[in-house]
Amino acid sequence: MVYPYIWIAVFVILVLIEVFTAELTTIWFAGGALIAFVLSLFSGISIWIQLTVFIVVSVVLLLCTRPALIRLMEKRKLKTNVETIPGKTAIVAEKIDNLNSTGSVEINGLSWTARSDDGQIISVGSTVEVLRVEGVKVIVKVKEDK
């Protein structure tokens with residue numbers, strides 16, 4: 001009765017791979033190996049049934065739980081500095097003129113090169129909203145008064 005040892009070895013190897021990579025790929029197969037291990041403890045269950053259960057359980061775990069877990073992990077990820085910029089309000093520090101490639105804004109005390117989203121010239125001191133970041137430039141539009 002060597003199959004239980006094989007399944008435990010497969011389980012341990014897959015868990016170790018997951019621990020060292022943290023890619024959420026092998027953990028589902030470790031779950032399948034664990035179920036196959038339990039089946040291997042019962043006499044009369046062939047290796048082919050164990051393999052089939054291993055594959056089916058692994059694929060079901062992968063397809064049913066991985067997307068939800070990935071979404072959960074993404075919510076917990078902290079945004080970087082650049083990812084927090086869109087939607088911020090900024091003050092124009094240098095006239096924004098796309099044709100002359102000029103313009104800068106102050107956001108959180110930092111100066112950013114700026115361009116107008118619609119190509120309009122925006123004067124110094126204007127309040128703008130950052131729409132997106134493209135490379136090292138922010139794309140802005142004049143903030144509407146509410």
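The values are calculated or read from the model by the stated rules, or taken from the named source; none is laboratory data. Remember, it's a predicted structure, so these values are computed and weren't measured experimentally. No Cβ is skipped: glycine too gets one built from the backbone with ideal geometry, and neighbour counts run over all protein chains shown. Calculation scope for accessible area: heavy atoms of the full protein, side chains included, ligands and nucleic acids excluded. Shrake-Rupley method; radii C 1.70, N 1.55, O 1.52, S 1.80 Å.
The figures follow:
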read-out: Gain upon complete extension [LYS88, ILE47; 0.36 nm per residue less C-alpha separation]; value: 8.8 nm
read-out: Charge sum, other residues only, whose C-beta stays under 15 Å from ASN100's C-beta, Lys/Arg counted +1 and Asp/Glu -1; value: +1
read-out: Degrees, to the nearest 10: 47-76 long Cα axis against longest axis of the chain; value: 20
read-out: Share of carbon and sulfur in the accessible heavy-atom surface of the chain [1.4 Å probe, %]; value: 66
read-out: Shape metrics for region 1-70, restricted to C-alpha atoms - Rg then Dmax, Å; value: 12.3, 38
read-out: Enclosed volume per residue, in Å³, of the convex hull spanned by Cα atoms of the chain; value: 156
read-out: Å² per residue, accessible surface of region 65-146 at 1.4 Å; value: 68
read-out: Folded to 0 to 90 degrees: helix 3-21 orientation relative to the chain principal axis, Cα; value: 10
